[in-house]
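The values are calculated or read from the model by the stated rules, or taken from the named source; none is laboratory data. Note that the structure is predicted; figures quoted are calculated from it, not measured. Neighbour counts run over all protein chains shown; Cβ positions are idealised from the backbone, glycine included.
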Amino acid sequence: MSINLESVDLLESKLATLVDRYTFLKEENEVLISKVNKLEYFVSLYKEDLEQEQEKFRLLKIAKTIEGSRSDSRETKNKINALIREIDRCIVKLNQ
């Protein structure tokens, strides 16, 4: 009979340890999920900033190309034509 009691005590002990580990891992998982969500939010903010800066850079390049139009008129004409095509595409999309 004492063997059965020892087995039950051992089982209870292991079960308590298992429950403690489960609780700890569950809490740790919640913390990690929170950190992941926060990092994903920051990544999205940085992506938006990057896209904005890339657009500013593109516009600056265009402005510099137009500014230097006396030295390279062919490239300037190509840039202006590209801008006109882009505007035309936007107008078409707006009319749809």
Next item on the list: Given the conditions (1) loosely packed, with under 10 Cβ neighbours inside 10 Å; (2) among the charged types (D, E, K, R); (3) at pLDDT 90 or above, report the number of the one that ARG70 does not fulfil.
Entry: (3)
Next item on the list: Could you check, for segment 23-34, whether at least one of its residues is in a helix (DSSP H, G or I), of a type in the set (Gly, Ala, Ser), surrounded by 10 or more Cβ atoms within 10 Å (Cβ to Cβ) and modelled with pLDDT under 95?
Entry: no
